[in-house]
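Read the structure below first, then the notes.
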Amino acid sequence: MTTAAAAVGKTRGGQSAARLARRHGWTVGVYLLLLVLALYWRTIPAKWGSFDVQSLAIDALPLAFAAMAQSVVIISGGIDLSVGSLISLVNVVAAKYMVHMSLREALGFAALLLVGSAAAGAFTGSLIVFSRVPDIVVTLAMLFVWAGVALQVLQIPGGGAPLPYLQLGTGHWWSQWIPSGLVILLLGFALLWLPLRWARPGLAVYSVGSNRNAAYLSGVSVSRTRIFAYALGGLFAGLAGLALTSTAGIGDPNAGQYYTLNSVAAAVLGGVSLVGGVGGLVGPIAAAFVVTLVKTMLILKGVDQNWAQVIQGTLIIVVVMIGGLAIRQRRRT
């Protein structure tokens, strides 16, 4: 009996390890890729130090929030092409009206903008649900809507924010090696996603993304969950817009164009399946830093910007193809 019990325990342990590898292997791989790139990056500048770490965090912070926004929507079975334009809208509104505020007033105004961005995401989700038009069509239309509103707020780059607010994105906490932007990113992840991930709303998002019919039969409100996913995505997009204001120091109505497709790339590179129901936000955060770090290294190497975009896109495609082949092979076995 003891030997049999030990054998069963060993088998279960092996199955648990294999299950963990299947569920989190890709995420671990992304972080290992980030580590390898970071070690190589340290050899490029003549005097690598805390300033370089700070610069990377400043550059990656808005993209990390944008990747989180896109990932939530993709996990629910949708896609949001309006993320970049919503980021631009929040960015220009914040920069236009925050410039003469105190830190307390700026933080209060930022909270209002987050409520507004979540409402904007919920509006987009409601249009998709009630019109039954495909997500890609509705969100493409909303891309132009939010972009037009952003241009109405600011026609050219301008505005600003109070210095203490700018320090939230560009300063450091406790040590020069701990960028404040990274701390803000981790706080946003811990406060907005972790409480939902294993609670009923988060499980409903995964259920709807995996199989809408099965989710409906199990008692999940599919329409409400899809709207909730877009609202949560809008909230993260609002954080990306506020992060862009605090890191850039100005508002730019065209700044969000960079984040539309790069948010999708970071989400997929971070292990989120485009078919929905698979992935999380831990991987896309690392993927956002990978995408940013690749761009930074190519600039430091003196590669032409046009070729840099080609190389960056090619690397992402190769990694995603490898991930797809690995998933297929795993399913066969």
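Between 197, 42, 132, the GNM of the chain built on Cα springs shorter than 10 angstrom shows 132 fluctuating the most. Only helices reaching 20 angstrom along their own axis (Cα) with mean Kyte-Doolittle hydropathy no lower than 1.0 count here, and for the DSSP H runs of the chain these are 50-75, 83-98, 103-131, 135-153, 222-248, 282-300.
Heavy atoms only, probe 1.4 Å: what % of the accessible area of the chain goes to carbon and sulfur, would you let me know? Exposed carbon and sulfur together represent 67 percent of the surface. Considering only 135, 304, 252, the Gaussian network model of the chain with Cα springs below 10 Å gives its largest mean-square fluctuation to 304. Summed over qualifying helices (DSSP H, 4 residues or more, each -39500 (n - 2.57)) and divided by its residue number, the chain shows a 222 nm mean residue ellipticity of -26500 deg cm²/dmol.
The residues of the range 181-326 expose, per residue, 44 Å² of accessible area to a 1.4 Å probe.
Can you tell me the dipole magnitude for the chain around its Cα centre, using point charges on the Cβ only (Lys, Arg +1; Asp, Glu -1), in Debye to the nearest 20?
On the way: 21 positive and 7 negative charges, 290 e Å.
So the dipole magnitude of the chain works out to roughly 1400 debye.
When the chain is treated as a GNM with alpha-carbon contacts under 10 Å, the residue of 216, 230, 165 showing the greatest mean-square fluctuation is 216. Labels on offer are (1) 1.04; (2) 1.21; (3) 0.98, and the one holding Cα Rg over 2.2 N^0.38 Å computed from this structure is (1).
The values are calculated or read from the model by the stated rules, or taken from the named source; none is laboratory data. This one's a predicted model, so the numbers in the text were calculated from it and none came from an experiment. Because the Cβ atoms are built from the backbone with ideal geometry, glycine has one as well, and the counts that use them run over all protein chains shown. Ligands, DNA and RNA are excluded from the accessible area calculation, which covers all protein heavy atoms including side chains. Shrake-Rupley method; radii C 1.70, N 1.55, O 1.52, S 1.80 Å.
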